[in-house]
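Engineer: Structure incoming, see below.
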């Protein structure tokens, strides 16, 4: 049984939705025909999670992330990951000041509220791993000193397909730190034509104005704990997780941390849809994005071209959907 929200909760959800709508509208000034992708980004934002956005070059991944940062008026840092980027470029480094004889910390790209890790899979595994502590603990350790990262902190990484030359696939421990994996996809015919038209008199990210502030974003993130996720929904999530571990096409099923990510993503999805409770629809909507980078198919299924999406569809069809009254 889902309890009705009280008046104060309704007001908070209404205000939150209005802010999220403003952010969405602002981003759509520079990103055309990607409302579902924008909603996934907003889900990551309200959950305080990190997002891995992947697809071939030229689909607007970097523009999307920069537009989100501009819309919430946060400190923004972009680091282009290449083979020669060092871990210290990410975290920062300490060195002695010859005048004072004291150590000084020179912060790296990670010391921002939103970090764009562009083409993260082009850096060495050692450099990639420099982000692990930051993404998990919201802090970094450099030369034995711990530095707290600014809040809200969000890593938005882009990745080109791993079969491209000069890339290093992200290890499972790194992938697991991302709440969602988002595919941009090609625009449809009408939207691509609109992109061509707008390119002659385009609005760029630098033209965008902030529509909210980071304090409001932090307040919205704190509201996530007010979203109701009933035992029925949790049982549904657990059943889905178990099915990923039993499916014959899957070599490595979802971990408990993956289950937490799916639950939080479903709560975030409910919030951006204007509800203070989770429905099975929210779980289903987030299942692929929350699990695609955490589940490994067996090699024979790759050879047979069985896509992850096909396997996920089978799982959702096999798990009974709970009734919500």
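Read the figures in this text as sums done on the coordinates, not as results from a lab. Small disclaimer: the values here were computed from a predicted structure and weren't measured. Glycine gets a Cβ as well: all are built from the backbone with ideal geometry, and neighbour counts include every protein chain shown.
Engineer: Hey, fewest Cβ within 10 Å first, where do 82, 204 land in order?
Structural biologist: 204, 82
Engineer: Hey, fewest Cβ within 10 Å first, where do 281, 143 land in order?
Structural biologist: On the way: 281 14, 143 10.
Result, fewest neighbours first: 143, 281.
Engineer: Still on this model: Using a Gaussian network model of the chain whose springs link C-alpha atoms within less than 10 Å, name the residue from 278, 203, 296 with the highest mean-square fluctuation.
Structural biologist: Greatest mean-square fluctuation among the candidates belongs to 203.
Engineer: What are the extents of the Cα atoms of segment 36-200 along their three principal axes, in Å, largest first?
Structural biologist: Projected onto the principal axes, the Cα atoms of segment 36-200 cover 63, 35, 31 Å.
Engineer: Another question, if that's okay. Determine which residues of segment 30-51 fall in the zone a paramagnetic label at residue 307 would reach in this model, i.e. backbone nitrogen under 16 Å from the point 7 Å along Cα→Cβ.
Structural biologist: 37
Engineer: Write down the Å³ per residue value for the convex hull defined by the alpha carbon atoms of segment 10-64.
Structural biologist: Numbers: hull volume 4.4 nm³, N = 55.
Given the Cα convex hull of segment 10-64, per-residue volume reads 79 Å³.
Engineer: Order the peptides 107-119, 220-232 from the highest to the lowest mean number of other Cβ atoms within 10 Å of their residues.
Structural biologist: Averaged packing, sorted descending, gives the order 107-119, 220-232.
Engineer: Something else: Taking the chain as a Gaussian network, where each spring joins two C-alpha atoms under 10 Å apart, which residue of 148, 315, 237 fluctuates the most?
Structural biologist: 148
Engineer: Tell me, 127, 43, 308 in order of fewest to most beta-carbon neighbours within 10 Å?
Structural biologist: Numbers: 127 24, 43 30, 308 18.
Lowest count first: 308, 127, 43.
Engineer: Another question, if that's okay. Could you estimate the translational diffusion coefficient of the chain from the Stokes-Einstein equation, with Rh from the Kirkwood formula over C-alpha pairs, at 37 °C and 0.692 mPa s, in whole µm²/s?
Structural biologist: 156
Engineer: Taking the simple approach of a point 7 Å from Cα along Cα-to-Cβ for both residue 255 and residue 132, what is their distance in nm?
Structural biologist: So the label points at residue 255 and residue 132 sit 1.0 nm apart.
Engineer: How high is the FRET efficiency from residue 103 to residue 15, r the C-beta distance, R0 51 Å, rounded to 0.05? Provide the component values of the computation, followed by the final result.
Structural biologist: Numbers: r = 45 Å, r/R0 = 0.89.
Efficiency at R0 = 51 Å is approximately 0.65.
Engineer: Using the Cα gyration tensor of segment 192-292, with a ≥ b ≥ c the square roots of its eigenvalues, what is the shape: rounded (a/c below 1.5), prolate (a/b larger than b/c) or oblate (neither)?
Structural biologist: The shape class here is oblate.
Engineer: Can you give the extra length, in nm with one decimal, that the chain gains between residue 75 and residue 225 once fully stretched, where that is 0.36 nm per residue apart less the Cα-Cα distance?
Structural biologist: On the way: separation 150, 0.36 × 150 = 54.00 nm, distance 2.53 nm.
Going from the current span to full extension adds 51.5 nm.
Engineer: Further, regarding this structure: Let me have the 222 nm mean residue ellipticity of the chain computed from DSSP H runs of 4+ only, each contributing -39500 (n - 2.57), with the sum over all residues rounded to the nearest 500.
Structural biologist: -13000 deg cm²/dmol
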